[in-house]
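Working notes, beginning with the structure itself.
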Amino acid sequence: MSEVQQAFEAVVTQIEHDPAFADIEVVTHSIGRRGAGLALTLTIDRVGGVDIGSCERVAAHVNDALESCPEPYSLEVESAGLERPLLRPGDYQRFAGKNARIVTTLAIGGAKTHRGALRGVVGTNVELHTPSGTLPIPLAAIRSANLEYDPRADLAANKRERKRNG
């Protein structure tokens, strides 16, 4: 592992545990090759959404940590987005009530792709409320999962919020 790769892994771990970045969640990070250098990608999330300032703050911190590394690299800090991936059991709890798409490694209820509202984690299963009822999906059987953005539901929630706040 190169000096840049080691330093990048160390700074990602530091961001995950540093109180100064308590508002930032590292969703994923990756190291690849781009031309003669390395391509470093850090995908982040934040309650209330990621803005340019969040990305700039994280990028500045990473660049400072890698400043002494001689190997060329490019750094991209990006938002996980509205349809962010769900990677950890805690993600399914945190986003309970939100719509999600889950792809499984084996057919469950006759299908490998499931859409519905997350209900959270019960034991070793993610519970997904679908039009045909609540479907338990074993965590071990999940190939991929992500939130599904529904603009109509978002619009309705914003209207309710405006009414509540007068």
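The values are calculated or read from the model by the stated rules, or taken from the named source; none is laboratory data. From a predicted model like this one, the values you see are computed outputs, not experimental measurements. Cβ atoms come from the backbone with ideal geometry, glycine included; neighbour counts cover every protein chain shown.
Could you please let me know if residue 143 is on the phi < 0 side of the Ramachandran plot and surrounded by 13 or more Cβ atoms within 10 Å (Cβ to Cβ)?
Details: on the phi < 0 side of the Ramachandran plot: yes; surrounded by 13 or more Cβ atoms within 10 Å (Cβ to Cβ): no.
Judged against the criteria, residue 143 is not a match.
Would a scan of the stretch 34-57 turn up a residue that is among the small types (Gly, Ala, Ser), under 20 Å from residue 14 (Cβ atoms) and at pLDDT 95 or above? Spell out how you get there, then give the answer.
So in the stretch 34-57, the residues among the small types (Gly, Ala, Ser) come out as 35-37, 39, 48-49, 53-54.
From the residues that got through so far, the ones that are under 20 Å from residue 14 (Cβ atoms) too are 53-54.
Applying the additional criterion that residues be at pLDDT 95 or above yields 53-54.
Yes, the stretch 34-57 has at least one match.
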Which number in (1) closer than 23 Å to residue 129 by Cβ; (2) not assigned by TED's automatic domain parsing to the domain that holds residue 135 marks the one condition that residue 63 misses? (1)
Complete set of residues in the stretch 99-112 that are touching a Ser or Thr at 6+ places or on another chain (Cβ under 6 Å) and either in a helix (DSSP H, G or I) or basic (Lys, Arg) (or both): 112
State the number of residues belonging to the stretch 37-67 that are over 29 Å from residue 95 (Cβ atoms) and either in contact (Cβ under 8 Å) with a residue 40 or more places away in the chain or within 17 Å of the chain's Cα centre (by Cα) (or both). 2
Of 62, 77, 50, 58, which residue is out of contact with any Gly (no Cβ under 7 Å at 6 or more places or on another chain), closer than 25 Å to residue 99 by Cα and surrounded by 15 or more Cβ atoms within 10 Å (Cβ to Cβ)? 50
Residue 21 versus (1) buried (at least 18 other Cβ atoms within 10 Å of the Cβ); (2) within 22 Å of residue 154 (Cα to Cα); (3) out of contact with any strand residue (DSSP E or B) (no Cβ under 8 Å at 6 or more places or on another chain): which is the lone unmet condition? (2)
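Residues that are of a type outside the set (Val, Ile, Thr), surrounded by 16 or more Cβ atoms within 10 Å (Cβ to Cβ), over 23 Å from residue 42 (Cα atoms) and not assigned by TED's automatic domain parsing to the domain that holds residue 43: does the stretch 105-115 have at least one?
So the first thing to find is which residues in the stretch 105-115 are of a type outside the set (Val, Ile, Thr), and the list is 106-107, 109-112, 114-115.
Narrowing further to those that are surrounded by 16 or more Cβ atoms within 10 Å (Cβ to Cβ): 114.
Going one step further and asking which of them are over 23 Å from residue 42 (Cα atoms), we end up with 114.
Filter again for not assigned by TED's automatic domain parsing to the domain that holds residue 43, leaving 114.
There is at least one residue in the stretch 105-115 that is of a type outside the set (Val, Ile, Thr), surrounded by 16 or more Cβ atoms within 10 Å (Cβ to Cβ), over 23 Å from residue 42 (Cα atoms) and not assigned by TED's automatic domain parsing to the domain that holds residue 43.
Taking into account only those residues within the stretch 138-154 that are closer than 22 Å to residue 45 by Cβ and either part of a helix (DSSP H, G or I) or touching a His at 6+ places or on another chain (Cβ under 8 Å) (or both), which is modelled with the highest pLDDT? Break it down into steps so the answer makes sense when it comes.
Of the residues in the stretch 138-154, the ones closer than 22 Å to residue 45 by Cβ are 139, 142-151, 153-154.
Among the residues that remain, those that are also either part of a helix (DSSP H, G or I) or touching a His at 6+ places or on another chain (Cβ under 8 Å) (or both) are: 139, 151, 153-154.
Numbers: 139: 98, 151: 84, 153: 73, 154: 72.
Here the residue is 139.
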Criterion (assigned to a loop (DSSP other than H, G, I, E, B) and either touching a Pro at 6+ places or on another chain (Cβ under 9 Å) or not basic (Lys, Arg) (or both)) met by exactly one of 68, 54, 30: 68
Among the residues of the stretch 77-98, what is the count of those that are in contact with a Leu (Cβ under 7 Å, 6 or more places away or on another chain) and part of a strand (DSSP E or B)? 1
Do we have residue 4 as aliphatic (A, V, I, L, M) and within 17 Å of the chain's Cα centre (by Cα) here? no
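Out of 94, 101, 46, report the one residue that is in contact with a helix residue (DSSP H, G or I) (Cβ under 7 Å, 6 or more places away or on another chain) and of a type in the set (D, E, K, R). Walk me through it before giving the result.
Numbers: 94 fails: in contact with a helix residue (DSSP H, G or I) (Cβ under 7 Å, 6 or more places away or on another chain); 101 fails: in contact with a helix residue (DSSP H, G or I) (Cβ under 7 Å, 6 or more places away or on another chain).
Testing whether each residue is in contact with a helix residue (DSSP H, G or I) (Cβ under 7 Å, 6 or more places away or on another chain) and of a type in the set (D, E, K, R) leaves just 46.
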